[in-house]
Structure formats: C-alpha cells, structure tokens
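Following: one structure in structure tokens, then a few remarks.
What follows draws every value from the coordinates through simple rules; no lab data is involved. The shown structure was predicted, so the numbers you read here are calculated from the model rather than taken from an experiment. Using ideal geometry, Cβ is built from the backbone for each residue, glycine included, and neighbour counts are taken over all protein chains shown.
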Amino acid sequence: MTITAVWPISSSEDPNAGDGRTVTEPEEIDDLIRRLSEPNAGPATIWHEGREPAEADTEMLDHDVLAVVHNGYGYLAYIDAGNDFAVLDGDADSPGCEGEDIDFPEGSGVSTGVLAEALREFLRTGQRPTSVHWQPMEI
C-alpha cells in the first residue's frame, strides 16, 4: 500500500514552499513524523493511493486526512463517506493547534508514537484507524 503526504513549509523567502513524502513501508512513517516535527512544517494532507476516487470521472478523493506535529504532540483529522469529520481524542493536557485548514482543539493531541501507529494502520488498511479514539467535530 502507499500513502502520499504533502505539507506547506513556513518560509519568508518562499511563500509557496512545501514538502512531501510518499510512504510504502511501515517503517517509513517514522521519517514522515520526523519531517512533520520540523519547526516550519505545516499540516500535511495525506491520501491513500489504494482508494477509489469519490466519482469515477474525477480525481477527487473519497477521504480527507490531515496530520500535524505541534509542540511535541501529534494531531490527526479524518473524514470519508462512512465516517463524519473527527479528530483524535487525545491527551487532556495537549494544547490546541491552529492552522490554515483546520483548528485542532485542546485535548486532541497524542504522542508522536501514537500518531505514527495510526498512520501505519492507515497505510495498511486505507481506512480510518481503529487503534485510536476519535471525537466528532463540527465542520
């Protein structure tokens, strides 16, 4: 299986800076987490290459996954046709994390190890990870 992640890089020199990583092996998730932990890395949009498009004649994804590492915590959001928009039900002490595309509430951050395991499950199954607990969010 394969997942692809792309994310913006905050840069005063290049307003369009970004990075990306394609992952095919579970152990490569650790490098993705390391790169998302870099100080200027923004939230990553992640998609599973094995899933079908939402409509056969488009390339629009049938799922939306966002991950970010902020202040040592990992944050993950997920939505698809079978699952309402949700973020992780994380450590009560984790701070909120605000981004351009999403605001993660306080208590939705987990350890980067838990985030890595959830992304490994997503890589393996192509479905919303069940190894973590989710809390529904209003869009």
Counting every C-alpha pair in the chain, the percent lying more than 17 Å apart is 58 percent
If we count GluC sites (Glu not before Pro) as exposed when they sit in a DSSP loop and have at most 15 other beta carbons within 10 Å, what is the longest stretch of the chain that avoids them all? 60-99
